[in-house]
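Chemist: My questions all concern the structure below.
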Amino acid sequence: MEQKRTEFIAVGTELLLGQIANTNAQWFSHQLASYGFNMFHHTVVGDNLQRVKDVFMQAQKRSDIIIVSGGLGPTEDDLTREAFQEMSHLPLDYDEHTMSNIQAFYKKQGIIMPSNNNRQARVFSGAYICNNKHGMAPGMILTFQNVKWIFLPGVPTEMKQMAEDDVFPYLIQEMSEYEVIESRVIKCIGIGESTLEERLKDLIQHQTNPTIALLAQEDGMIIRLTVKSSSKEEADEKIIHMTRNICNRIGEYVYGFDEDTIAKRVIQLLANNEKTIAAAESLTGGAFTNQLIKVEGASVVCPGSMVTYDTRIKRDVLHVPSEVIEEEGVVSEACALEMAKQISARMNTTLGISFTGVAGPERLEGNEVGTTYISIYSNAGDSIVRKYVFSGNRTAIQKKSVMKGFEMLYHYLSDALDKSS
């Protein structure tokens, strides 16, 4: 793919005031990098007609692809269209489809539509229209003096929907000199971004085709490979070759590809091992089980779980022995193991997993905030207990604990399957 100078412009005074973080630019940069497009500039400009126009004129001179987020709403300070029209002198028309959608929304709500909402239906003549499935203002893609301009709403859900539905497919089709573009996502857990980058450093430095993009996600790291070729067979061959090369280096951290999730893989491994599981969750408050049962077919391997937040519930309902709680405490290796053991017995499952710890804001039983114990118990007689100290706020600690539980369970089940085969 020919190198294209790409720029992202975020319009909105609230971004300059720090009231809202410019996460749209970060998200777009990550996504475009994974498709082989490099971002050259990020710009933020307030809601001022002349300043927006000045930024647009500068971008027109230096970039090949310009993505503009924000300023497409119904109010007087939504000036993106006006600024671009002053620069380009392109005519604005009303898009009938958008107008009918806006009118239908207000009619359904039983509200009289304010007249200024008509502004959101204005589009540049000849532009490719991106349908807004989550809001009102449409997106637009057009070419002005050989430069691609992409206008999207600033609301993240609306912007991302249009990017996935319209912008990325459009850019791949319009800007590529190749007939075939293939991509694969390699999903990893248990390895940080810096370590992953170090392990793949030479591949990343010398990447040409496929391109390699590392992206941090809440459920681990992903590696997106994007290849361009004149045929699907050649593209597939290059993807397979690079995938093998990467897996030879970090295979112990790879749990799946493309649409796989760690919860889905764990359920597959439970089924393949003919095992069932139940969770006793204190620290995580049911978040682990929630992730697990989002996957279709989870009921086959997970009949139920318990949130055992209070000490009394651990003792009287889950039946953790009183002496363990009194002598070791609820944030301890012994309590975690008993929780996993007892939930397995209560739910009649082959495995039990437990989470106990300190999410904050105060220390508990002398343990610092972030201290977490996770245990896996098997009715075959073996068990695992691990201690971790996670950083971050309460929500971050809970999320990290859940992901670490999935990581432990994935490796436990993978090892069990390897031993039986």
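The values are calculated or read from the model by the stated rules, or taken from the named source; none is laboratory data. What you see is a predicted model, and the numbers here were worked out from it, not measured in a lab. We place every Cβ from the backbone using ideal geometry, glycine too, and count neighbours over all the protein chains shown.
Chemist: Yes or no: region 165-172 includes at least one residue that is assigned by TED's automatic domain parsing to the domain that holds residue 125, within 16 Å of the chain's Cα centre (by Cα), within 23 Å of residue 27 (Cβ to Cβ) and modelled with pLDDT of 90 or more.
Modeler: For region 165-172, residues assigned by TED's automatic domain parsing to the domain that holds residue 125, within 16 Å of the chain's Cα centre (by Cα), within 23 Å of residue 27 (Cβ to Cβ) and modelled with pLDDT of 90 or more: absent.
Chemist: Restricting attention to helices (runs of 4 or more DSSP H) lying wholly within region 1-92, give those where 2 or more residues are touching a Lys or Arg at 6+ places or on another chain (Cβ under 9 Å).
Modeler: On the way: elements: 13-16, 23-34, 49-62, 80-88.
By residue number, 23-34, 80-88.
Chemist: Can you list residue pairs whose Cβ atoms sit under 8 Å apart, with the first residue in region 148-160 being assigned to a helix (DSSP H, G or I) and the second being of a type in the set (Val, Ile, Thr)? Count only pairs 6 or more apart in sequence or on different chains.
Modeler: Final answer for the pair search is 156/23.
Chemist: Return the residues of region 56-83 that are surrounded by fewer than 18 Cβ atoms within 10 Å (Cβ to Cβ), in contact (Cβ under 8 Å) with a residue 60 or more places away in the chain and closer than 20 Å to residue 159 by Cβ; say none if nothing qualifies.
Modeler: Once the filter is applied, which keeps residues that are surrounded by fewer than 18 Cβ atoms within 10 Å (Cβ to Cβ), in contact (Cβ under 8 Å) with a residue 60 or more places away in the chain and closer than 20 Å to residue 159 by Cβ, region 56-83 yields 74, 77.
Chemist: I've got another one for you. Check residue 86 against each of (1) crowded, with 17+ Cβ neighbours inside 10 Å; (2) touching a helix residue (DSSP H, G or I) at 6+ places or on another chain (Cβ under 6 Å) and name the one condition it does not meet.
Modeler: Only one criterion in (1) crowded, with 17+ Cβ neighbours inside 10 Å; (2) touching a helix residue (DSSP H, G or I) at 6+ places or on another chain (Cβ under 6 Å) is unmet by residue 86, namely (1).
Chemist: Regarding region 111-120, can at least one residue be identified that is more than 22 Å from residue 60 (Cα to Cα), within 22 Å of the chain's Cα centre (by Cα) and either surrounded by fewer than 19 Cβ atoms within 10 Å (Cβ to Cβ) or of a type in the set (D, E, K, R) (or both)?
Modeler: Here is the first cut: in region 111-120, the ones more than 22 Å from residue 60 (Cα to Cα) are 111-120.
Imposing the further condition that a residue be within 22 Å of the chain's Cα centre (by Cα) reduces the set to none.
So far as region 111-120 goes, no, none of its residues is more than 22 Å from residue 60 (Cα to Cα), within 22 Å of the chain's Cα centre (by Cα) and either surrounded by fewer than 19 Cβ atoms within 10 Å (Cβ to Cβ) or of a type in the set (D, E, K, R) (or both).
Chemist: Sticking with this one: Does any residue of region 331-348 turn out to be out of contact with any strand residue (DSSP E or B) (no Cβ under 9 Å at 6 or more places or on another chain) and either surrounded by fewer than 22 Cβ atoms within 10 Å (Cβ to Cβ) or under 28 Å from residue 218 (Cα atoms) (or both)?
Modeler: Applying the first criterion (out of contact with any strand residue (DSSP E or B) (no Cβ under 9 Å at 6 or more places or on another chain)) to region 331-348 yields none.
No, the conditions are met nowhere in region 331-348.
Chemist: So, one more: Need the failing condition index for residue 279 against (1) touching a Ser or Thr at 6+ places or on another chain (Cβ under 6 Å); (2) at pLDDT below 95; (3) assigned by TED's automatic domain parsing to the domain that holds residue 406, just the number.
Modeler: (2)
Chemist: Given the criterion in contact (Cβ under 8 Å) with a residue 60 or more places away in the chain and either of a type in the set (D, E, K, R) or closer than 30 Å to residue 367 by Cα (or both), identify the matching residue among 183, 194, 282.
Modeler: Details: 183 fails: either of a type in the set (D, E, K, R) or closer than 30 Å to residue 367 by Cα (or both); 194 fails: in contact (Cβ under 8 Å) with a residue 60 or more places away in the chain.
Just one listed residue meets the conditions, 282.
Chemist: Report the residue count in region 236-261 for those that are among the aromatic types (Phe, Trp, Tyr) and not in a helix (DSSP H, G or I).
Modeler: Keep residues of region 236-261 that are among the aromatic types (Phe, Trp, Tyr), which gives 253, 255, 257.
Now narrow it down to the ones that are not in a helix (DSSP H, G or I): 255, 257.
Selection size over region 236-261: 2.
Chemist: Still on this structure, please answer the following. Given (1) part of a helix (DSSP H, G or I); (2) in contact with a Lys or Arg (Cβ under 6 Å, 6 or more places away or on another chain), identify the lone condition not met by residue 233.
Modeler: Condition not satisfied by residue 233: (2).
Chemist: Among the numbered criteria (1) at pLDDT below 95; (2) over 30 Å from the mean Cα position of the chain (by Cα), which one does residue 88 miss?
Modeler: Result: residue 88 fails condition (1) only.
Chemist: Can you tell me which residues in region 206-236 are surrounded by fewer than 14 Cβ atoms within 10 Å (Cβ to Cβ) and either more than 25 Å from the chain's Cα centre (by Cα) or in contact (Cβ under 8 Å) with a residue 12 or more places away in the chain (or both)?
Modeler: Pass one, region 206-236, residues surrounded by fewer than 14 Cβ atoms within 10 Å (Cβ to Cβ): 206, 208, 216-218, 230-233.
Answer for region 206-236, where residues must be surrounded by fewer than 14 Cβ atoms within 10 Å (Cβ to Cβ) and either more than 25 Å from the chain's Cα centre (by Cα) or in contact (Cβ under 8 Å) with a residue 12 or more places away in the chain (or both): 206, 208, 216, 218, 230, 231, 232, 233.
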